[in-house]
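The values are calculated or read from the model by the stated rules, or taken from the named source; none is laboratory data. Quick caveat, the model's predicted, so the values are computed rather than measured. With ideal geometry, Cβ positions are generated from the backbone for all residues, glycine too; neighbour counts draw on all protein chains shown. Surface accessibility is based on the protein's heavy atoms, side chains included, excluding ligands, DNA and RNA. Shrake-Rupley method; radii C 1.70, N 1.55, O 1.52, S 1.80 Å.
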Amino acid sequence: MMQPNDVVHGVIMISDGDFNRISKLVYDKFGINLSDSKKSLVIGRLQKVLRSHNFDSFKEYLDYLERDNSSASLSELVNRISTNHTFFYREYDHFEFFEKVALPEAKAFRLKQGHRRLKLWCAAASKGDEPYTIMIHLKRFFGHDYSLWEAGLLATDISEDALREAVAGVYPYERLDKIDKPTLQQYFDYVNGRYRIKEELRREVMYRKFNLMTPIFPFKGDFDMIFCRNVMIYFDNKTKAELAKKLYDQLRVGGYLYIGHSETLNGLDTPFKHIRSAIYQKA
């Protein structure tokens with residue numbers, strides 16, 4: 001039975017024991033490290049989930065998560081817990097380096113191999129702002145020669161809610177305020193007060209749900225570039241190092257890894273070569 005102090009002003013509260021349970025579950029399944037300072041965040045973000053399933057306490061919810069054999073309940077959990085704050089041209093200098101340095105190198109490397117196939121992966125696609133920013137630069141770099149290349153983008157995320165928004169590709173102007181007017185007109189359609197990515201860009205991005213905590217990645221590797229930005233801020237050092245090693249194995253020699261400006265691989269046991277702020281290379 002629910003105790004009187006389990007609900008405060010209509011909000012279902014969480015005990016220390018249940019918070020530790022949910023923290024362990026989220027860490028084991030998704031690698032996200034929920035410190036004690038995140039308790040209020042967990043309470044707030046999961047209220048709607050508890051109400052929709054008619055749970056009177058977090059204990060009932062956790063018991064349900066542990067009993068459920070489907071992936072639906074865990075997907076719902078991570079959709080609520082994960083943060084999908086994003087916008088176009090976030091950390092702009094990465095895209096300058098991408099177009100002016102990394103893409104010319106990748107083009108020369110692939111032509112030397114005798115083919116025109118680039119492999120790019122955005123490993124934390126969120127709502128699509130970052131993948132579509134990458135595609136704008138990719139299209140701009142190749143211009144009319146783009147059709148001569150096999151150069152689409154794999155974009156993955158753990159949140160099904162975020163991926164649905166990414167596939168739709170519809171955004172309010174405040175997410176696009178860093179885009180100049182010519183680029184906005186070239187790559188977006190104005191529809192009912194919002195902006196939608198043109199079909200020519202949307203069809204070049206393959207969105208898939210993927211958990212970066214998967215022990216063995218189901219990819220063939222040989223990526224020219226991997227964007228995995230603003231993800232490791234949620235991980236402890238052990239998880240960061242393990243993920244960095246798996247990303248390293250997915251890159252070709254000379255390939256680049258981009259992480260967030262608030263993140264670093266310094267102090268971790270990884271073989272990456274540091275190039276500049278939040279950019280690393282497989283040497």
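Table for the structure above
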item	result
Theoretical gain in end-to-end length, Asp269 to Asn237 [0.36 nm per residue, Cα-Cα removed]	10.5 nm
With Cα atoms, 0 to 90° folded angle of helix 129-142 axis to the chain main axis	0
Region 120-197: antiparallel DSSP beta bridges as a percent of all, rounded to 5	65
Using alpha-carbon coordinates, inclination of helix 39-52 to the longest axis of the chain, degrees	80
Size of charge dipole - the chain - debye, nearest 20, with Cβ of Lys, Arg +1 and Asp, Glu -1, no other charges	820
Cα-based helix-to-principal-axis angle, 16-30 vs the chain, degrees rounded to 10	30
Potential extension, Val167-Glu200 segment - 0.36 nm per residue separation minus Cα distance	10.6 nm
Among Tyr64, Tyr27, Tyr234, residue whose mean-square fluctuation peaks in a GNM of the chain (springs only between Cα atoms under 10 Å)	Tyr64
Calculated Rg and Dmax of region 25-170 using C-alpha coordinates, Å	20.1, 63
Gain in span if fully extended, Ser147 to Asp177, counting 0.36 nm per residue against the direct Cα distance	7.9 nm
Sequence-distant aspartates and glutamates (8 or more away, or on other chains) whose Cα lies within less than 13 Å of Lys245	Asp269
Normalised contact order of the chain, rounded percent, pairs of Cα under 8 Å and 6 or more residues apart	16
Sequence-distant residues sharing a close amide H with Gly255 (under 5 Å, placed H)	Lys282
Two-site label geometry, Arg208 and Leu25: point separation in nm, points 7 Å out along Cα→Cβ	2.8
FRET efficiency, 1/(1 + (r/R0)^6) with R0 41 Å, evaluated for Met13 and Phe217 via beta carbons	0.60
Among (i) 56, 46, 40; (ii) 82, 57, 48; (iii) 68, 50, 32, the entry that matches Cα extents along the principal axes in Å as calculated here	(iii)
Rounded accessible area per residue of region 118-186, 1.4 Å, Å²	40
Pairs of lysine residues in region 37-126 - Cα separation under 16 Å, sequence separation of 8 or more or cross-chain	4
